[in-house]
Amino acid sequence: FFSDKNIFKSELHQKISYDYVTRKDFSPITSTSQCFDCLLIPEDHQSRQKSDSYYMNENTLLRPHTSAHQNEMISKGNNAFLVYGDVYRRDEIDATHYPAFHQMEAVRIFTKNQIKHEQKDLIIAEVARDLQQTLEQLVKYLFGSDIQMRWIPAYFPFTEPSFELEIYYQDEWLEMLGCGVIHPKVMELSGRDTEVEYGWAAGLGLERFAMKLFDIPDICLLYTSDAADDLLCVDLGGRRIIKKKN
């Protein structure tokens with residue numbers, strides 16, 4: 001989706017096409033600075049607690065999100081990039097949560113002269129619209145144009161405004177990703193000029209996309225070898241689903 005320039009992503013993308021840099025080789029062992037400080041996550045935030053994250057020592061932990069590499073990538077001058085990787089959180093296991101899973105970080109940065117507005121609040125609104133339009137197109141590309149989705153206002157320390165995108169799955173709304181316009185301070189910490197540069201970032205939970213794409217009822221089925229032995233991949237007129245073997 002992101003690499004194919006023939007796929008419509010957004011009105012702004014049609015005018016300014018970027019080649020997305022892709023990284024999937026970052027180590028999952030990261031610092032508190034990468035995971036929290038560079039993202040403006042305060043000292044008392046729940047995600048910093050040992051009850052939420054897997055610490056190796058006081059300043060080193062398994063990354064809880066691929067946003068941990070955002071500062072490095074932006075600092076190196078990348079204006080469009082994707083980072084894939086395994087992430088770790090002390091989540092209670094249920095049908096949609098597992099302590100180890102995979103994320104994709106997507107980031108897009110614009111310069112002021114690439115945006116039609118000059119007033120700051122209108123620039124932010126335009127960047128936010130590009131973000132939402134791009135992710136809506138991604139969801140439709142994967143699941144079909146009739147997919148039910150909705151945007152929910154959210155709060156993340158490193159984006160403002162912030163949103164969550166939910167889809168209707170198994171008779172309830174399921175969060176698929178968090179995203180937002182990158183906070184100016186995060187841009188500054190990455191060496192960017194916030195007077196002329198604006199960007200958006202999104203973190204996608206890949207297992208949840210796979211669950212919807214292949215009709216997998218429980219995330220644990222992706223990680224339990226015994227359960228996997230009892231599963232069968234079935235092609236239904238070009239649509240693949242995962243079901244129990246008889």
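A few points about this structure:
- Length added when fully stretched, Gln46-Glu172, from 0.36 nm per residue minus Cα-Cα: 42.7 nm
- If you take the Cα centroid of segment 124-179 and the Cα centroid of segment 58-84, the two points sit 21 Å apart.
- Of all aspartates and glutamates in the structure, the ones whose alpha carbon falls short of 12 Å from that of Lys24, not counting any fewer than 8 places away in one chain, are Asp86, Glu105.
- Reciprocal of mean inverse Cα separation for segment 1-54 (Kirkwood radius, Å): 14.6
- Binned Cα-Cα distance frequencies in the chain - 5 Å width, integer %: 1, 6, 12, 17, 19, 17, 13, 9, 5, 2, 1, 0, 0
- Spin-label pair Met56/Lys185, simplified geometry with 7 Å Cα→Cβ offset, distance in nm: 2.8
- Links that overshoot a 28 Å alpha carbon limit, given the list Lys76/Lys120; Lys112/Lys185; Lys50/Lys140; Lys5/Lys212; Lys9/Lys76: Lys50/Lys140
Throughout, read-outs are computed from the coordinates displayed, never taken from laboratory work. None of these values were measured; they are calculated from a predicted model. Please note: Cβ atoms are built from the backbone with ideal geometry, for glycine as well, and neighbour counts cover all protein chains shown.
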